[in-house]
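First the structure, in the form of structure tokens, and then the observations on it.
The values are calculated or read from the model by the stated rules, or taken from the named source; none is laboratory data. All values reported here derive from a predicted model rather than from experimental measurement. All Cβ positions, glycine included, derive from the backbone under ideal geometry; neighbour counts span all protein chains shown. Side chains are part of the model used for accessible areas, which takes the heavy atoms of the whole protein and leaves out ligands, DNA and RNA. Shrake-Rupley method; radii C 1.70, N 1.55, O 1.52, S 1.80 Å.
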Amino acid sequence: METGIRTEEKSVERAVLVGLSCPGFGAEQDADERTMDELRALAETAGAEAVAMTLQRRPAPDARTFIGEGKAEEVKALAEANDASLILFDNELSPSQMRNLEELIGRTVLDRSALILDIFAQRARTGEGKLQVELAQYQYILPRLSGMWTHLVRQTAGGGKSPIGTRGPGETQLETDRRHIRRRIDKLKDDLEQVRQVRAVQRRQRKKTELPLVAIVGYTNAGKSTLLNTLTGAGIEANDRLFDTLDPTTRKKRISDTQEILLSDTVGFIRKLPHHLVSAFKATLEELAYADLLLHVVDVSDKDWQAQAETVEHVIAQLGAQDIPRVMVYNKADKCGRDAVPFFRPGEGARISAKTGEGVDELLSAIETALGRGKHKVRLLIPYSDGAALDLLHREAQVESVDYAADGTRVEAVVDDKTYGRMAAYLTEEQDD
């Protein structure tokens, strides 16, 4: 029986995946089987279906089409045979290469950066997240604007002059758009600077509460959100897909009778993460540099987990957080044998399953041990003339008592290694903490 109501299935874009490997490429640009598999996962996350894949190897990229006109014709044939409307490149393309490929293949061409930006735009929920995504999008679009105005500045076959009616306005509109985007970028940067200032105030307030911040970092889809839910009952959405968490979440967690922490989830990292994305998300990611401890979550069920862990360490170094103590969290241990981490030693990390809760007690113990490492309980005598040192202590240490004496300010405090080095000149007594 007909109801008269017709439901339409949401159409899924069909995509051909293309990658280029060259001897002169660095790890940030080269494509291989692993990065192509990751590109497939990114395409699925964005809502596309990868229907064909081709990986080309050549001595150097073609300046005009990146993969060469012959290969471009092959890609066009693949797209036609598989009814694909989208061509996704695992490498980063220049604006002219992207434009030339679209003309040759007759379909939309996107590079890895554009695909990740599209996913981020889908995932952003908070005002801060949306600001950061918009900034990254404009930074990506700005150098590619000229290709969007070829219909106004197309050259004639003879003489190289623009057709009648198209001289002037194209370039004028192009410059207008550039100015508009630059103004918008400046405005977004100002707005994000305000976000960073708010975060700085929050950090100072956190210092006053004396709760250490533990940041969860890791490769995308390693299980960071699931771990936060397991430890704190945060109830945030945790799905088996890339970049499912874009906006950070922070919760309190008591890890022992005497220790309470703030536990914060972060956006996942990925190979070949575009530099302008790291820059745009600095307001969020710079929290890592102020964390007291990093939990580096690794999916040990993935055969490439060691390469993924190296990628995360590289981004941590980019953000200036390489000196922050960390605990390695070998997640999804229930899916693999105990020899998956051959160099693992108890006490240096934890094998866990964030999904089942296996190994969580071991992890909490490792966190407590790591937070206590490098702490010094000290007594200091600070001359009244050196108020900056006292101010530093209040900002960076756990001050237990202050006494104003004739010869200066006497302070009892618990300090970390870094602050201990700065305060060595004022040290009068130290005891084990």
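Listing for the model above:
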{"quantity": "Alpha carbon convex hull of segment 355-432, volume per residue in cubic angstrom", "calculated": "99 Å³"}
{"quantity": "Restraint check, Lys252/Lys375; Lys76/Lys303; Lys187/Lys253; Lys252/Lys332; Lys189/Lys375, Cα-Cα greater than 29 Å", "calculated": "Lys76/Lys303; Lys187/Lys253; Lys189/Lys375"}
{"quantity": "Protein-only accessible surface order, largest first, of Ser85, Ser21 at 1.4 Å", "calculated": "Ser85, Ser21"}
{"quantity": "Segment 43-147: trypsin sites (Lys or Arg not before Pro) in DSSP coil with no more than 16 other Cβ atoms inside 10 Å", "calculated": "Arg64, Arg125"}
{"quantity": "Stretch gain in nm, segment Glu13-Thr176, where the contour uses 0.36 nm per residue and the Cα spacing is subtracted", "calculated": "55.4 nm"}
{"quantity": "Percent of alpha-carbon pairs separated by more than 27 Å within segment 300-433", "calculated": "42 percent"}
{"quantity": "Potential extension, Leu427-Glu260 segment - 0.36 nm per residue separation minus Cα distance", "calculated": "57.3 nm"}
{"quantity": "Whole-number accessible area per residue in Å² for segment 350-433, which is evaluated in the context of all protein chains at 1.4 Å", "calculated": "56 Å²"}
{"quantity": "Summed side-chain charge close to Asp323 - residues other than Asp323 whose Cβ falls under 13 Å, Lys, Arg +1, Asp, Glu -1", "calculated": "-2"}
{"quantity": "Residue-span extension gain [Ile141 to Ser385] - 0.36 nm each, minus C-alpha spacing", "calculated": "82.5 nm"}
{"quantity": "Calculated P(r) of segment 31-139 - Cα pairs past 21 Å, %", "calculated": "39 percent"}
